[in-house]
Amino acid sequence: MRLFWDIAIQPILELLQPKVIIEIGSDRGYTTEKLLDYCEREDSCLHVIDPLPKFDLEPWEQHYGKHVTFYKLLSLNAIPIAPSGDLVLIDGDHNWYTVYNELKLVEKHSSSKGKAFPVVLLHDVGWPYGRRDLYYNPENIPIAYRHAYKQQGLSLDTPELLESGGFNAHLNHSIYENAVRNGVRTAVDDFVSESDLALSLYELPGFNGLGILATDTCLQARQQLASFLEAFRTPPAIDRLLRALEKERLRGELDRQKFKTALRNNQQKSKQSIEKLEEKYNRDTADLKARLEKFQHTRQQQQKQFTKGLEANISSLEAQICSNKKALEQAEQDIFRLGSWIEEFNQSITSILDTNRWRLGSFLYLIFRKIRGQSLDEPPELQQSRLIGRVRAWQRTYEGRRDRGSQRFQNHLILPALSSRGSTSYLLPAGKSSSRREEKVDIIVCIHNALADVRLCLNAIVRETKPPYQLYLVNDGSGEETSCYLREFTSQHPNITSIETEVAGGYTKAANRGLRASSAEYVVLLNSDTIVPSGWLERLLECLKSDPKIGIASPLSNAASWQSVPEIYAAGGGWAVNELPAGYSTSDMADVVSSVSQKRYPRVPFLNGFCLCLKRAVIDEIGYLDEASFPKGYGEENDYCLRATDAGFDLAIADSAYIFHAKSKSYGDKRRAELAKAGSRSLEAKHGKERIASQVELMRNHPLLEEMRLRVRQRLDQALSKPRGDMGARVRLGSDRQPSILFLLPVRGGGGGAHSVVQEASGMRKLGVDARIATRAKHKSNYRQNYPSLFQSDRDLFYFFNNEDELTEAAGRFDIVIATIFSSTQLLQAIVTSNPMLLPAYYVQDYEPWFFELGSAEWQQAYDSYTLVRGNVLFAKTRWLCDLIEREHGVEVAKVSPSLERNLFYPRFAPSSGGRAVRVAAMVRPATPRRGAARTMRVLARLKSEFGEKVEIEIFGCHDRNLASYALDREFSHCNRGVVTREEVAGTLRQSDIFVDYSDYQAFGRTGLEAMACGCATILPQQGGATEYAIDGENALFADTSSEADCYHQLVKLVTDDALREALRDRAIVTAVEYSVEKAVISELQVLQAALKHRNNVSLRAV
């Protein structure tokens, strides 16, 4: 109908001047909108009848108000309740029954209202529906008026329906054409012939035909309208020409549809071909990469062999020392084991002496000896006391000889404290303890032989666990000796339930039997080769209750893969089994872990199954372990963890809890390896190899676990006075004394460059380097606000000076002084002048001449800063910045590793944006023009306008008043976090799906790397040094920030393509784990080491 607007509809409106217009069939509203514009202009009213309009009615109703009324009804139901119209447009269901009855109802309704029959415009009076019915919904047509039909296409060359293809092949068409009561034109002809009114029909061929129906009375009264309509009556020759043209147009349309289908098929084939080529390209690339890695590996091996020859003498001495040290440690461990065995023997004797059986037997034995007049034996209690006394005396003597004058064992005995007859409360049943817990806990221990481990495990549980708790012992087909022991142990404790099977069914089935028997709010699955310390259960429950999202928790251990402390890898490869330090009990080690824990409870994708503490809600939600896929264990806990994560639960490591793990002896090493491989295959088949690999990568480089291992190592070093030799803990710079380093940071702080300096100086201090940051006293409150945790934990990190003389004097106490901003190089020059023996350096954060107008005083100062101080050691984080300065100034700049606070910036492990709005974050700093704040806000405003509730936008870095003062676009829905701390930045990024940086360029782009570490799909400026860590299309997207259109295009791509967003997110997380503060610090210290060594050599040659 809309194609007739200019030709017929608009002229008729102007000539007829209707006050009430009826439109039957509005489709997408093209004609409707033009009619409403007319009604609004002429104060008329449009009544739109369409049961299924293809547009939203509400905005139209709000805009046009009284000028429009919509009827979402079938036309035959709506016409009687609508007002009588002056003009009626019919373009609805194109079949005889509907059109004929629409005309009859219009006639009847007009007559009943005392109005004249309106002018009626009818679409589709020509081919294809002039003489053939179309049924959008055949059920709406009474069967008596409904022709036989099929869903097949039409052809100009035959009245028959086509088997495939053709015009509108997706619609229901009458099988026959030109039959009685068939088609729109037939309906019009029948109505005209049957009506008592004198009616004239005008037809416009083309575009499927338009019929105009008007009464002679109307035409006589409106001569201009009559003249206009008469112009449509063309001579027969012209009429035939028009119909021929229409026929050719329809043929062209049919051909267009055919070509469109063929094009779509070709595009699909081309896409498949391209995908195959890309797959081949990726395979070839992977092959080349593997060859390159092999070549590099070979070269590294050759280099190592060359170096090994030079270090042979040193290595030999170190190996001898190490061997002696290990022998000593092994002896201490053997002594500790001996003490443990004596402790177990002591406990067993004490338990026997406390039984009623022993007391009764002893009593009868005494009576028997007295009756026979025999002397009494020495009481066993006295023998036990004498034995323990001897052991204690030997213990004190050994300790004094072994470590005389040392504080190493001041608080830790070589052996665990041995019990005496006067104190046996730890052997009491659970119900007799004086300290009780409110939460009910079920503890499940699955047992298959290995009786020695089982004894230690069960005795520790009974001794160290506060009530109330129920202990379920699941005996999975153990031998007679173990089974008898378990039955006897169960009989002595009312809170222990034994579940026994004669034939071993495997760990998974055994664990499920225990889980099904349990009913408490909290359930612990505990291996039978563990030893729990005092307070173990309380620490696990504290972790579980710290966050309602946590569903499963697991402790640290000596041997639990990624949860091991202090080491996770053994010296010869494989997982470490960390023996307890000499003189330490399990509870001692647990106290060490608890003392250094900050209770961050790291969220992880996997937990080691040696000890799992579960909330009942997890079991209710996802059920039990998968017996079918993991019948013998080995992989079932990882499967359970993934299922729990998919159900929305968090997995957490209780980093304040520690449980000793002796490693299973239920299977031999060979059998255990076979089971582990089978479990891995089942896990990959169930969850996908790629997902497992990505989650393992997160565990391998988890920053909080790395930090916890470092804390434990440091505390043990302090307690045992045993310095560690690995580079990860201490970095020597050519002598036994660590150099002292002073960073010059005379600015307010808060920016990315300042953050780098602060976190890396703090990292140096953690590695034993005396590093401090000098900044002006007037900025103290800013640093206290930006780094509150450092002000509490490391007060000496910052040195606040009042004037340059004070700074120069203080700097003389340091070996190295490092400028960090162009303005600090003048301070550095003054310091070097007064203290010529120190080593000057410049940590270049950006190319700062670009900050200022060319030729200005600030520009000149920044430009000169790279060559101002003679002998200055320059270093920077990105190759782009190093090359730029070397090219512009002719000075060498060393490349160091970027830093990343992985204990602060780490990803969430729940799925990203499925089922919710996509969250977009951006840092906006309008005071720094190169950061593109105006550009960023315009792009975000456009995104919100187009996608509405499908996106959520958060910004940070400035206050609302700053946005207003710089006249930035902010009239769109968004959340401004304002000026935030580092912790708040990490929290915002972790909850976001996308992070955008539309700066003109980035020398490094710290926030971009932090966003990647938090799991954001990230857009970065293609100009600058972000290429140091980002690869376009691989782990991030680059935008040409000089083009606002490209910025928007890249953002829309991420918002609309979930698969791309998730792929970038996964690869970004893997990239981020390659960076850490410790790695950055070591790279910086190596640069300084080389500079110090070079300067010392030059000085020696001069002498």
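Coordinate-derived values only; no laboratory data. This structure is a prediction, so every number in the text was calculated from the model and none was measured. No Cβ is skipped: glycine too gets one built from the backbone with ideal geometry, and neighbour counts run over all protein chains shown.
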Quiz item: Pulled fully out, how much extra length does the chain show between Ala1063 and Asn137, if you take 0.36 nm times their separation in residues and subtract their Cα-Cα distance?
Solution: 328.9 nm
Exercise. Please give the length that would be gained between Gln714 and Glu984 if that part of the chain were fully extended, namely 0.36 nm times their separation in residues minus their C-alpha to C-alpha distance (nm, one decimal).
Key: 94.3 nm
Quiz item: Cross-link partners among lysines for Lys115, C-alpha distance below 27 Å, same-chain residues fewer than 8 apart left out?
Solution: Lys19, Lys34, Lys66, Lys72, Lys104
Quiz item: Considering amide H positions built from the backbone, and no H for Pro or chain starts, which residues 5 or more places from Leu210, or on another chain, come under 5 Å of its amide H?
Solution: Val125, Leu204
Practice problem: Compute the distance in nm between two label points, each set 7 Å from the Cα along the Cα-to-Cβ direction, one at Cys322 and one at Glu194. | Solution: 10.4 nm
Quiz item: What nm value, rounded to one decimal, do you get for the distance between Arg243 and Gln224 when each label is placed 7 Å out toward the C-beta?
Solution: 3.3 nm
Quiz prompt | Nearest-0.05 FRET efficiency for Arg908 and Thr158, computed from C-beta distance (R0 51 Å) | solution = 0.20
Practice problem: Work out the FRET efficiency for Glu888 and His1094 from their Cβ-Cβ distance, taking R0 = 25 Å, and round it to the nearest 0.05. | Solution: 0.55
Quiz item: Which pairs break 32 Å Cα to Cα here: Lys276/Lys895; Lys271/Lys294; Lys686/Lys944; Lys663/Lys686; Lys280/Lys677; Lys289/Lys944?
Solution: Lys276/Lys895; Lys271/Lys294; Lys686/Lys944; Lys289/Lys944
Exercise. Count the net charge of all other residues whose Cβ sits under 14 Å from the Cβ of Gln10, scoring Lys and Arg as +1 and Asp and Glu as -1.
Key: -2
Quiz prompt | Local electrostatic count at Ala226 - Lys and Arg +1, Asp and Glu -1, tallied over other residues with Cβ under 13 Å | solution = 0
Quiz item: What is the extension gain from Ile1031 to Asp43, computed as 0.36 nm multiplied by their sequence separation minus the C-alpha to C-alpha distance, in nm to one decimal?
Solution: 349.6 nm
Exercise. Have a look at Pro142, Ile653, Gly65 and report the one farthest towards the positive end of the charge dipole of the chain, computed about the Cα centre with Cβ charges (Lys/Arg +1, Asp/Glu -1).
Key: Ile653
Exercise. Provide the packing ranking of 595-606, 201-212, 245-256, i.e. peptides ordered by the mean count of other C-beta atoms within 10 Å per residue, highest first.
Key: 201-212, 595-606, 245-256
Exercise. May I ask you to derive the FRET efficiency for Arg463 and Glu674 from their Cβ-Cβ distance with R0 = 30 Å, giving the value to the nearest 0.05?
Key: 0.25
Quiz prompt | Paramagnetic reach from Arg251 (point 7 Å along Cα→Cβ, amide N under 19 Å) across segment 216-243 | solution = 238-243
Quiz item: Can you give the charge dipole size of the chain about its Cα centre, rounded to the nearest 20 debye, using +1 on the beta carbon of Lys and Arg and -1 on the beta carbon of Asp and Glu?
Solution: 4500 debye
Practice problem: Sequence neighbours fewer than 8 away in the same chain don't count; with that in mind, list the aspartates and glutamates whose C-alpha is under 14 Å from Lys632. | Solution: Asp476, Glu674
Quiz item: Once the other residues with Cβ under 13 Å from the Cβ of Asn208 are scored (Lys, Arg +1; Asp, Glu -1), what is the net sum?
Solution: +2
Exercise. Among the lysines, select those whose C-alpha is under 22 Å from the C-alpha of Lys766, and discard any that sit fewer than 8 residues away in the same chain.
Key: Lys599, Lys722, Lys877, Lys1079
Exercise. Tell me the label-point distance for the pair Asp27, Lys260, using the 7 Å Cα-to-Cβ offset, in nm and rounded to one decimal.
Key: 1.2 nm
Quiz item: What do you get when you divide the Cα radius of gyration of segment 918-1075 by 2.2 N^0.38 Å, with N the number of residues?
Solution: 0.93
